[in-house]
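Scroll down for the structure; my scribbles are underneath it.
The values are calculated or read from the model by the stated rules, or taken from the named source; none is laboratory data. All values reported here derive from a predicted model rather than from experimental measurement. FYI the Cβ positions are ideal-geometry reconstructions off the backbone, even for glycines, and counts take in every protein chain you see.
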Amino acid sequence: MYYFIVYLLSDCWVVYMINKNKIFHPKLYTSIYLDDEDRVNAIYLSNIFDSSGQLKEKSIILDDFDSSSSYEEILLSLNQIEFKKLKIFISRQKKTIDLYRMKGRVEQFRIVSDSLDLLLKLDYRFKIWFRDMESIL
């Protein structure tokens, strides 16, 4: 009985830590434009997949940037922030995978591993984006 309670409490601790540190999926911003009201809008790749398995593009209004900044500077700034978030997210996923591997939680291990694979693909896309952006700047 004691081991069951300890095992259950340790799982609850993992769930608590995940919920305590709310993680927002990183966005890869791809373009920026001004709308009819001179608001800066950004297009980004979301964490939602379409029917063909590709990440869906979404749009967001950026209130923190003024329209006098260059689009390249805004994109670079946004993606640097999101890339840092991605690195933190990947680090947390790796720790979670190690924990599930140690505990022999095969199904949870597989789910988080699949999620990590997708994050690593996004990491690769960020690196390509930064490489391509260097040639523009």
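In the stretch 89-131, which residue that is of a type in the set (Lys, Arg) and either in contact with a Lys or Arg (Cβ under 6 Å, 6 or more places away or on another chain) or under 25 Å from Gly53 (Cα atoms) (or both) is surrounded by the fewest Cβ atoms within 10 Å (Cβ to Cβ)?
Taking the stretch 89-131 as the starting set, the residues that turn out to be of a type in the set (Lys, Arg) are 92, 94-95, 101, 103, 105, 110, 121, 125, 127, 131.
Those left that are additionally either in contact with a Lys or Arg (Cβ under 6 Å, 6 or more places away or on another chain) or under 25 Å from Gly53 (Cα atoms) (or both): 92, 94, 110, 121, 125, 127, 131.
Working: Arg92: 17, Lys94: 14, Arg110: 12, Lys121: 11, Arg125: 15, Lys127: 11, Arg131: 9.
The qualifying residue surrounded by the fewest Cβ atoms within 10 Å (Cβ to Cβ) is Arg131.
Quick test of your reading of the structure: Leu86 fulfils all but one of (1) farther than 24 Å from Tyr33 by Cα; (2) touching a residue at least 60 places away in the same chain (Cβ under 8 Å); (3) out of contact with any Asp or Glu (no Cβ under 9 Å at 6 or more places or on another chain). Name the failing condition by number.
Unmet for Leu86, out of (1) farther than 24 Å from Tyr33 by Cα; (2) touching a residue at least 60 places away in the same chain (Cβ under 8 Å); (3) out of contact with any Asp or Glu (no Cβ under 9 Å at 6 or more places or on another chain): (3).
Six or more apart or on different chains, Cβ atoms under 6 Å: show the pairs whose first residue is in the stretch 96-123 and small (Gly, Ala, Ser) and whose second is crowded, with 17+ Cβ neighbours inside 10 Å.
Going by the 6 Å Cβ cut-off, the qualifying pairs are Ser113/Ile97.
In this structure, is Thr96 modelled with pLDDT of 85 or more, of a type in the set (S, T, N, Q) and under 18 Å from Lys127 (Cβ atoms)?
Details: modelled with pLDDT of 85 or more: yes; of a type in the set (S, T, N, Q): yes; under 18 Å from Lys127 (Cβ atoms): no.
No.
Looking only at residues in the stretch 41-76 that are at pLDDT below 90 and in a helix (DSSP H, G or I), which one is surrounded by the most Cβ atoms within 10 Å (Cβ to Cβ)?
Ile74
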